[in-house]
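Asker: Below is one structure. I have some questions about it.
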Amino acid sequence: MVNRGIRGATTVTRNEETEILQETVVLLREIVDRNDVIAEDICSVWITMTADLDATFPARAIREMAGWEMVPLMCSTEIPVKGSLPQCIRLMVQVNTNKSQREIQHVYLNEAQKLRPDLSQSKA
């Protein structure tokens with residue numbers, strides 16, 4: 001097995017605790033489902049949010065998911081680049097896997113699809 005990073009991003013429409021927590025869970029579940037990952041294979045999750053989001057820590061949502069209690073989580077503020085996508089939550093999920101880089105499926109939801117249109121196609 002090797003350690004791979006799986007990127008993901010989503011946006012919210014309001015700086016509200018409930019929406020931030022819900023969208024964080026939706027994003028993480030989509031990353032896990034698309035990549036056939038279980039919590040035990042996760043090394044850590046790095047979480048960033050844009051500075052316009054400060055209603056809650058998105059790690060709270062992950063910590064409350066069954067089986068994720070022991071996964072190391074870290075929250076940070078995204079670099080405030082002028083013109084960057086607002087109200088954005090990003091995840092970098094580090095996972096132990098046998099998959100190659102090309103087999104990893106990164107996930108971009110909501111307005112965050114604009115960040116990487118090349119990776120935003122639905123993997124149905």
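Asker: Calculate what fraction, in whole %, of the accessible area of segment 6-95 sits on carbon and sulfur atoms when a 1.4 Å probe is rolled over the protein chains. Can you show the working numbers first?
Answerer: Details: 2570 of 4760 Å².
That share works out to 54 percent.
Asker: Further question on the same structure: Could you go through segment 94-99 in sequence order and give the Karplus-derived ³J(HN,Hα) for each residue, using 6.51 cos²θ - 1.76 cosθ + 1.60 with θ = phi - 60°, rounded to whole Hz, and x for Gly and Pro?
Answerer: Computed from phi, the couplings for segment 94-99 are 9, 10, 7, 7, 9, 6 Hz.
Asker: Go through segment 108-116 residue by residue and turn each phi into a ³J(HN,Hα) via Karplus (6.51, -1.76, 1.60, θ = phi - 60°); whole Hz please, and just put x for glycine and proline.
Answerer: After applying 6.51 cos²θ - 1.76 cosθ + 1.60, I find 10, 10, 6, 5, 5, 4, 5, 5, 9 Hz.
Asker: Do you know the relative contact order of the chain, to the nearest whole percent, from alpha carbon pairs under 8 angstrom that are 6+ apart? Display every interim value, and only then the final one.
Answerer: On the way: 227 pairs, mean separation 52.2, N = 124.
The value is 42 percent.
Asker: Another one. Counting each DSSP H run of 4 or more residues in the chain as -39500 (n - 2.57), what helix-only mean residue ellipticity at 222 nm follows after dividing by all residues, to the nearest 500 deg cm²/dmol? Mind dumping the intermediate values first?
Answerer: Details: 2 runs with 24 residues, N = 124.
Mean residue ellipticity, 222 nm, calculated: -6000 deg cm²/dmol.
Asker: Percent antiparallel among DSSP beta bridges with both residues in the chain, to the nearest 5?
Answerer: Once the DSSP bridges in the chain are tallied, antiparallel ones form about 70 percent.
Asker: Test of understanding: express the Cα radius of gyration of the chain as a ratio to 2.2 N^0.38 Å, with N the residue count.
Answerer: 1.00
Asker: Same structure again: Compute the Kirkwood hydrodynamic radius of segment 62-124, taking the inverse of the mean of 1/r over all pairs of distinct Cα atoms, and give it in Å to one decimal. It would help to have the intermediate numbers written out before the result.
Answerer: Values: mean 1/r = 0.0693 Å⁻¹.
Across segment 62-124, the inverse of the average 1/r is 14.4 Å.
Asker: For segment 11-124, what is the charge dipole size about the Cα centre, in debye to the nearest 20, if Lys and Arg each add +1 at the Cβ and Asp and Glu each add -1 at the Cβ? It would help to have the intermediate numbers written out before the result.
Answerer: Details: 12 positive and 17 negative charges, 80 e Å.
So the magnitude is around 380 debye.
Asker: Relative contact order for segment 29-79: what is it in percent, counting Cα pairs under 8 Å that are at least 6 residues apart? It would help to have the intermediate numbers written out before the result.
Answerer: Numbers: 47 pairs, mean separation 24.3, N = 51.
Computed over segment 29-79, the figure is 48 percent.
Asker: Further, regarding this structure: Excluding ligands, DNA and RNA, what is the solvent-accessible area per residue of segment 44-124 at a probe of 1.4 Å, expressed in Å²?
Answerer: Working: 4980 Å² over 81 residues.
Solvent-accessible surface per residue comes out at 61 Å².
Asker: Could you give the longest part of the chain that holds none of the GluC sites (Glu not before Pro) found in DSSP loops with at most 15 neighbouring Cβ atoms within 10 Å?
Answerer: On the way: sites that count: Glu16, Glu64, Glu69.
Between exposed loop sites, the widest span is 70-124.
The values are calculated or read from the model by the stated rules, or taken from the named source; none is laboratory data. Just so we're clear, the structure is a prediction, and the values are computed from it rather than from any experiment. No Cβ is skipped: glycine too gets one built from the backbone with ideal geometry, and neighbour counts run over all protein chains shown. Note: accessible area is taken over every heavy atom of the protein model, side chains too, but ligands, DNA and RNA are not part of it. Shrake-Rupley method; radii C 1.70, N 1.55, O 1.52, S 1.80 Å.
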